[in-house]
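Report on one structure; see the data block that follows.
The values are calculated or read from the model by the stated rules, or taken from the named source; none is laboratory data. In this text, all values refer to a predicted model and were calculated from it rather than measured experimentally. When we count neighbours, we look across all protein chains shown, and the Cβ atoms used for this are built from the backbone with ideal geometry, even at glycine.
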Amino acid sequence: MTSADDLDRIWREGLTLAASELVVRDDPRARTATRVQRRRRSRRIKTAVAAIAFSVAAIGATAHFDDHVSHGRVASRPPTTVQASVSIDDAPGNQLAITFPGRTVSGNPPSVTLPAGIIHFEIHGTPAHQLVIDGVPDFTATFAGTASSTVTENVRLQPGRYSLHCTIPGHAAAGEQAILTVEAQAG
Amino acid sequence: MPDVVEHRFDDFYSFSYGRLVASLAFVTGDLDLATDAVDEACARAVEWLGRGRDIEVLEAWIRVVSRNVARGRLRRLGSERRARQRLSSLRAADQVDDAASAIDVRAALSKLPRRQREVVVLHYFHGQSIDAIANELRVPAGTVKSALHRARAALAQALDDPREPVKEQR
């Protein structure tokens with residue numbers, strides 16, 4: 001009967017001897033260097049493939065959004081669904097005429113209620129006016145030069161009450177303004 | 001490879017590399033797989049250090065990583081049972097002499113499950129304490145003691161009659 005100490009000793013000596021009999025491949029340094037280079041190359045390829053996939057996805061998303069947007073400044077925003085369209089005529093007598101949706105909004109200043117989310121604005125104007133919405137820096141409709149023009153804007157509006165008006169001194173007070181009330185959508 | 005990293009690997013290749021490959025070969029029963037796993041761990045260590053991260057004890061780090069790499073490959077190969085069969089014939093290509101103790105421990109090792117082989121190699125080959133093994137393998141100290149007890153029993157059986165197959169442990 002072999003004692004536990006003897007068995008421990010045989011384990012130790014036997015494993016050491018067995019290890020000495022193994023022929024371990026030499027030059028591990030070169031193999032490691034090769035492996036490091038291979039891993040780096042593989043990582044670069046993966047990164048490049050991921051970048052290409054991301055670019056393709058981004059191009060697709062932008063193209064989708066461009067279907068809804070004609071104004072270049074907002075074309076890079078993420079694609080979203082347009083909740084409502086508003087038509088504004090900034091021509092007659094410094095007073096805004098608002099059409100929404102398919103009807104003319106009355107009042108002085110005219111007031112309109114819109115759903116929260118992306119709103120598509122189509123503004124017809126004559127020089128020289130500049131419409132803004134307080135608290136919505138993405139929205140600016142500038143009418144310069146000598147001829148009438150149309151500006152389209154897609155902006156995201158959160159629930160709240162907004163003042164849309166001309167920035168030229170005296171124009172808002174003269175009636176070139178409107179009130180936008182944005183309400184959260186149910187559900 | 002930066003100089004600092006280079007110096008650490010000089011010592012590792014001189015004193016530790018061969019031992020790690022051998023110990024992993026004892027566990028996996030496959031010298032090529034063991035070499036490949038240690039090489040992979042070395043490459044990961046180079047990258048790790050190259051990114052400015054620290055490795056306190058290089059040999060221990062590579063031992064743990066190479067063991068995990070080998071486990072993963074064995075799992076994929078589904079070769080645990082085959083590895084145990086190969087262990088009894090694991091030997092050098094140019095082997096001339098073979099001491100009885102080396103034959104006995106290989107025979108005994110081949111009858112142990114992988115986790116017990118890992119314990120045996122860490123304790124008898126790397127000289128680690130029971131607590132250190134329990135910490136490295138994340139098992140209770142009692143599991144380590146039990147594995148060592150079974151390892152002694154397997155060796156005793158191999159010594160009593162090396163011609164008879166040692167009863168396989170579950």
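Consider only pairs whose beta carbons are under 8 Å apart and that are at least six residues apart or on different chains; among these, list those whose first residue lies in the stretch A:30-54 and is of a type in the set (Ser, Thr, Tyr) and whose second residue is surrounded by 11 or more Cβ atoms within 10 Å (Cβ to Cβ) and assigned to a helix (DSSP H, G or I).
Every condition considered, the pairs that remain are A:Thr32/B:Phe9; A:Thr32/B:Asp39; A:Thr32/B:Cys42; A:Thr32/B:Ala43; A:Thr32/B:Val46.
If you take the residues of the stretch B:135-170 that are modelled with pLDDT of 90 or more and not in a helix (DSSP H, G or I), which of them is farthest from B:Val119 (Cα to Cα)?
B:Pro140
For A:His129, only one of the following conditions fails: (1) surrounded by 13 or more Cβ atoms within 10 Å (Cβ to Cβ); (2) modelled with pLDDT of 85 or more. What is its number?
(2)
Please go through the stretch A:31-59 and pick out each residue that is aliphatic (A, V, I, L, M) and more than 10 Å from every other protein chain (Cβ to nearest Cβ).
A:Ile45, A:Ala48, A:Val49, A:Ala50, A:Ala51, A:Ile52, A:Ala53, A:Val56, A:Ala57, A:Ala58, A:Ile59 - these are the residues of the stretch A:31-59 that are aliphatic (A, V, I, L, M) and more than 10 Å from every other protein chain (Cβ to nearest Cβ).
Within the stretch B:111-119, is there a residue that is surrounded by fewer than 22 Cβ atoms within 10 Å (Cβ to Cβ), outside any helix (DSSP H, G or I) and modelled with pLDDT under 85?
No; the residues of the stretch B:111-119 include none that is surrounded by fewer than 22 Cβ atoms within 10 Å (Cβ to Cβ), outside any helix (DSSP H, G or I) and modelled with pLDDT under 85.
Suppose the filter is over 15 Å from A:Arg29 (Cα atoms), among the acidic types (Asp, Glu), assigned to a helix (DSSP H, G or I) and within 11 Å of another protein chain (Cβ to nearest Cβ); does B:Asp32 pass it? I'd like the intermediate steps shown before the answer.
Working: over 15 Å from A:Arg29 (Cα atoms): yes; among the acidic types (Asp, Glu): yes; assigned to a helix (DSSP H, G or I): yes; within 11 Å of another protein chain (Cβ to nearest Cβ): yes.
Here the answer is yes, as B:Asp32 does meet what is asked.
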